[in-house]
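Have a look at the structure below before the remarks.
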Amino acid sequence: MKCPVCKQPSLRQIELADRLPANQCSNCNGIWVSSNQYLAWVRLQEKSLPEKDMDEIAAPQLKTDALKLCPESGHIMKRFKVFPNVDFHLDRCGHCNGIWFDSAEWDTLVAHNMQDKVNQFFTAPWQERLRESESRAKMDEIYKDKLGADDYKRAQEIRAWLEDNPRRAMLIAFLQADDPYDV
Ligand SMILES: [Zn+2]
Ligand SMILES: [Zn+2]
């Protein structure tokens, strides 16, 4: 099998995890996992691992943006962003559903207990959650810039204080009134 990055027949069989066969490139260390073998391995896991906070993901800094061809079926693989605000992408073949991990990407997932959740990354809800999280982060930056970090922090505290306050409407009216004592 040809490595999609090195384009050489440099993939050799390995055991990526207990009872998870895969193919690793002896040159770039990228890893190819076929869909059926991955799904069979996920089913073997007794219980789902506790998910860690996505914000804590430390992504390996790799720049491999070139198109990759599936080593199994030869189709062009689709690139999926996996976590918000970090440059972490996986390539997946839409034809045979096999997955390509660039060097250290699998280890990063293992470090965050996410190695059994890879198939979720390619679903609409995951991708939607990712986009939402990225747009929140962008708005956060804009508010910080426009309001100033200190005032923004204060405004957030006030929002949190008002959120479930039973007198919320009256408090907001008080804050907004030109002169709350002149009724
Ligand atoms: Zn390679
Ligand atoms: Zn394929």
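Couple of notes before you dig in:
- Net charge dipole, the stretch 11-121: roughly 380 debye, given to the nearest 20, about the Cα centre with Cβ charges of +1 for Lys and Arg and -1 for Asp and Glu.
- Extension gain (nm, one decimal) between Leu147 and Ser26, 0.36 nm per residue minus Cα-Cα: 38.4 nm
- Contact order relative to length of the chain, as percent, for alpha carbon pairs under 8 angstrom and 6 or more apart: 16
- Projection of the Cα convex hull of the chain, averaged over all directions and equal to a quarter of that hull's surface, yields 14.8 nm².
- 5 angstrom amide H check on Ile14, placed H, neighbours 5+ away: Ala22, Asn23, Gln24
- Label positions at Asp178 and Val86, each projected 7 Å from the Cα along the C-beta direction, are separated by 5.3 nm.
- In this simple spin-label approximation, Asp164 and Glu132 carry label points 7 Å from Cα along the Cα→Cβ vector, and these lie 1.9 nm apart.
- Order of Asp151, Asp91, Asp18, Asp116 under a 10 Å beta carbon neighbour criterion, fewest first: Asp18, Asp151, Asp116, Asp91
- Phi-derived couplings, Karplus 6.51 cos²θ - 1.76 cosθ + 1.60 at θ = phi - 60°, listed residue by residue for the stretch 71-77: x, 8, 10, x, 6, 6, 8 Hz, with x used for Gly and Pro.
- FRET efficiency, Asp107 to Gln156 (Cβ-Cβ, R0 35 Å, nearest 0.05): 0.45
- Leading residue at positive end of dipole, the chain (Cβ point charges), from Ile172, Tyr38, Tyr152: Tyr38
- Note on the stretch 129-176: along the principal axes its Cα atoms extend 35, 26, 14 Å, ordered by decreasing extent.
- Spin-label zone in the stretch 13-44 - amide nitrogen under 16 Å from a point set 7 Å from the Cα of Lys78 along the C-beta vector: 35
Bear in mind that the values in this text are calculations on the coordinates, not laboratory data. Given the structure is predicted, the values throughout are model-derived calculations rather than measurements. Here the Cβ is made from the backbone with ideal geometry for all residues, glycine too, and neighbour counts use every protein chain on show.
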